[in-house]
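**Student:** Pasting in a structure now, in structure tokens, and then I'll have a few things to ask.
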Amino acid sequence: MSADRLPLTGFRIVSAEQYGAGPYGTMFLAQLGAEVIKIEPPRKDGKGGGDTARSVGPHFLREGESLYFQGFNLNKKSLTLDLNAPAGQEVLHRLVATAHGMVNNLRGDLPARLGLTYGALSEVNPAIVCAHLSAYGRDNDRARWPGYDYLMQAEAGYMALTGDPDGEPQRMGLSMVDFISGTIIATGFLAALVDAQRTGKGRDVDTDLFASAIHQTSYPALWYMNHGTKTGRTPRSAHPNATPSQTVRARDGWLFVMCQLPKFWTIMIDRVGLDALAGDPRFATNADRLANRAELTEILDAHFSAQPMAHWQRLLEGHVPVAPVYELDQALDNPWLDTIGMRDTVHHPDRESVTVLASPLKIDGKRLPNRAAPLLGADNDAILEELGYDPDEVAQLRAGGVV
């Protein structure tokens, strides 16, 4: 796909971001063609600097350039800038004057202090959209609190919904609150950007990890708030209502079968050779199957454990919703990823070929193009020159630790 045909080509977005949630959201914007300029703290005395994600191990392309960082920052540019310095604020204002958006995922009290709000930047650019992703929001008593994904999973009830009913509270294996929060802020930003293009007036857009996490409790939240129904953990990761919609034991592993609709139950027992269950009153309706889920699980385990996963997959796929329960290596070695183009490679200065995941989005039937995440400060000179700084001024900024 040609870069000049991507939907956000021509839009410049400045982002003061770090770690996971914010960079995940802006990476979508960069993959869609926006020029995303990532502001990072400069090194001091040749040490440190940059997004803390650059230092997350265990795998590195070079010292201070982690493979972890590549997972959140493809297609971006890097500008090191001390936003606490007056000269750094001057660079920021020159940059914002040329931009369409300003995104950050800093602690809730920092955007105002660092001048990243619409109120602070609208005089420089009335159409600028300022998007804020914090841990708990900018307008409450928790604004100064630091926060991370796992804390949100704890307080929003996720850990009490995950795992075996008799086990300890468990977090999800991935940082899903970070990912959904990044997606939410990208959605809000794009909506405000559309309006700014129509009206010439920008605005602030906010979300936070906690609000995003709570929002994802979705229908169980409504069940509780309206009827007092408390959804808890279920054995075999089962759906709270539909049955069987759970893991079953195959000879060499596990399968997840989902008879969400009555027809899938009928099709499943027919295709796997459990026709006798059709006349069993314990399993006549979904309500009956739910009431007798433990007995049904024993029957399914005994039957499915006679053959390997692949056998049952062949019988059910395309007819009943079914999937093997893979280890992470099996999931990533699955040839289906190549079939649908979800594996990509990018060139990095320190490695000829870095394997990355492709964007889940397609435009005109094609996956979005990727390039490696930038080295720290890789775009300093080009951006500063574009903003009107001559070589002597750039040298002064560098000597003063501003960039």
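The values are calculated or read from the model by the stated rules, or taken from the named source; none is laboratory data. These numbers were taken from a predicted model, which means no experiment stands behind them. Using ideal geometry, Cβ is built from the backbone for each residue, glycine included, and neighbour counts are taken over all protein chains shown. The area values use the complete protein model at the heavy-atom level, side chains included, leaving out ligands, DNA and RNA. Shrake-Rupley method; radii C 1.70, N 1.55, O 1.52, S 1.80 Å.
**Student:** Within the chain, what's the longest stretch lacking GluC sites (Glu not before Pro) that sit in DSSP loops with no more than 14 other Cβ atoms inside 10 Å?
**Tutor:** That would be 124-316.
**Student:** Let me ask something else about it. Quick one: dipole size for the chain, taken about the Cα centre, charges +1 on Lys/Arg Cβ and -1 on Asp/Glu Cβ, in debye to the nearest 20.
**Tutor:** 640
**Student:** Here's another thing I want to ask about it. Ignoring the sites themselves, what is the longest stretch of the chain with no chymotrypsin sites (Phe, Trp or Tyr not before Pro) in a DSSP loop and at most 15 other beta-carbon atoms within 10 Å?
**Tutor:** No qualifying site falls inside 149-325, the longest such stretch.
**Student:** What is the projected area of the convex hull of the Cα atoms of the chain, averaged over all directions, in nm²?
**Tutor:** That works out to 23.6 nm².
**Student:** Separation between the ASN292 and ASP141 pseudo-spin-labels, each 7 Å from Cα along Cα→Cβ, expressed in nm?
**Tutor:** It works out to 5.3 nm between the two label points.
**Student:** Roll a 1.4 angstrom probe over the protein heavy atoms and tell me the percent of accessible area of the chain that is carbon or sulfur.
**Tutor:** 54
**Student:** I've got another one for you. Which helices count as membrane-span-like in the chain under these terms: full DSSP H, at least 30 Å along the axis by C-alpha, Kyte-Doolittle mean of 0.5 or more?
**Tutor:** Passing helices, by number: 176-199.
**Student:** What are the principal axis extents of the Cα atoms in segment 128-175, in Å, biggest first?
**Tutor:** Between the extreme Cα coordinates on each principal axis of segment 128-175 lie 49, 23, 13 Å.
**Student:** Okay, which of segment 304-330 sit inside 14 Å, backbone N to the point 7 Å along the Cα-Cβ direction of THR355?
**Tutor:** 328-330
**Student:** Moving to a separate point now. Just need the Rg to Rh number for segment 88-128, please, alpha carbons only, Kirkwood Rh.
**Tutor:** 0.93
**Student:** Right, here's the next one. What nm distance separates the two modelled labels at ALA87 and LEU315, each placed 7 Å from Cα along Cα→Cβ?
**Tutor:** Each label point lies 7 Å from its Cα, and together they span 7.3 nm.
**Student:** Averaged per residue, what accessible surface does segment 166-263 expose to a 1.4 Å probe, in Å²?
**Tutor:** Value returned for segment 166-263: 57 Å² of accessible area per residue.
**Student:** Report, ordered by chain and residue number, the aspartates and glutamates lying within cross-link reach of LYS44, taken as a straight Cα distance under 13 Å and ignoring same-chain residues fewer than 8 apart.
**Tutor:** Within reach: ASP82.
**Student:** Follow-up question, since we're still on this one. For ARG113 and ALA284, calculate 0.36 nm times their separation in residues minus their Cα-Cα distance, and state this gained length in nm to one decimal.
**Tutor:** Taking 0.36 nm per residue and subtracting the Cα distance, the gain is 55.2 nm.
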